[in-house]
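Taken together, the values in this text are just the output of simple stated rules run on the coordinates, not laboratory data. All of these numbers come straight from a predicted model, not from anything done at the bench. Methodologically, a virtual Cβ is constructed for each residue, glycine included, from the backbone with ideal geometry; neighbour enumeration extends over all protein chains shown.
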Amino acid sequence: MSYSSALNTVLLTYDIVINTLEKIKIIENSDFKARSKVTGLMDFFLSERFVLTAICYKKLFNILDSVTKNFQSQDMDLLGAVNSLRAVSSSFKILRSDDAFNNLYNETITYMNKSEFTFTPLPMQRSRKKKLLSGETTEDHTFIDPKLQFKIKTYLITIDSAIYCIEDRFHSKSQELLKNISLFSVSVLKKTKSDPNTLPDDAFNTFCDLYNKFINHKDLKKEYIQFSKLFSHFETAMIGSQYIHPSSGANDDEENSSNFVNSDDHEVIK
């Protein structure tokens, strides 16, 4: 189960989770340790901070869900994955806007109003008290808006961390290399075979820039087009070998294991 599915399940069954914790608290009332853990969980789940954070991560996971499925697919479309990463980064940057945060906050309020439980609001904090200067008589009791504080210290930091991780792991050069590798996916090879003109003009540019002493760009593109025309033969041979020798790998494993056992027996006899 993905993080997105797990979090969505918790939010959909939120009232059931709280009711379950209440029943555990009643059943285990003689066990101080269990009661203490359940009380801590209930205080945490029944707080506005938890719901805000959960819905924030729900939005992040929903954006990342399509990319995660793409990277986990058997015949991964790397070119599509690269484009998805760019779209994800753009979507995360949109979440940094004031409108996006206000929508998140309104969604949180709506979610809490639909629940049968009462939630602990975000804590109100005072700013640090300043020493009165000479001639001042009014004390400074400025309160910090809890909504603004959550936005600055939690929401924006979470969004910025997600953007940084994506851009750090998949920077422009690595994305270009992934685009080069994506040319060897089955779908792209078949597409190039049917129409060589579909091969992008910038194909293998980054790869050839890195290894320009050893590889000629034009020759590499010609070799790739030739490979795409012959790839179906390799694919047929690979599939055919599985039907001709279906248990060759298993037999080899059995033979190796039997040889291992025999060698152990021989050493014991000695």
Inset, instruction - Calculate the spin-label point distance for residue 65 paired with residue 116, positioning each point 7 Å from the Cα along the beta-carbon direction, and give it in nanometres. - result: 2.7
Legend entry - Highest-first arrangement of 4-12, 209-217, 80-88, where packing means the average Cβ count within 10 Å: 80-88, 4-12, 209-217
Legend entry - Contour minus Cα-Cα distance for residue 213 and residue 13 (0.36 nm per residue): 66.0 nm
Inset, instruction - Could you pull out every residue, at least 5 positions away or on a different chain, whose amide H is within less than 5 Å of the one on residue 47? Hs are placed 1.01 Å off N in the peptide plane, and Pro or chain starts have none. - result: 120
Inset, instruction - Between residue 33 and residue 237, with labels modelled 7 Å along Cα→Cβ, what's the label distance in nm to one decimal, could you check? - result: 6.3
Inset, instruction - Mind scanning 179/218; 190/222; 193/213; 59/179 and naming the pairs with a C-alpha gap bigger than 19 Å? - result: 193/213; 59/179
Inset, instruction - Please give, to one decimal in nm, the separation of the simple spin-label points placed at residue 193 and residue 222, each 7 Å out from Cα toward the Cβ. - result: 2.2
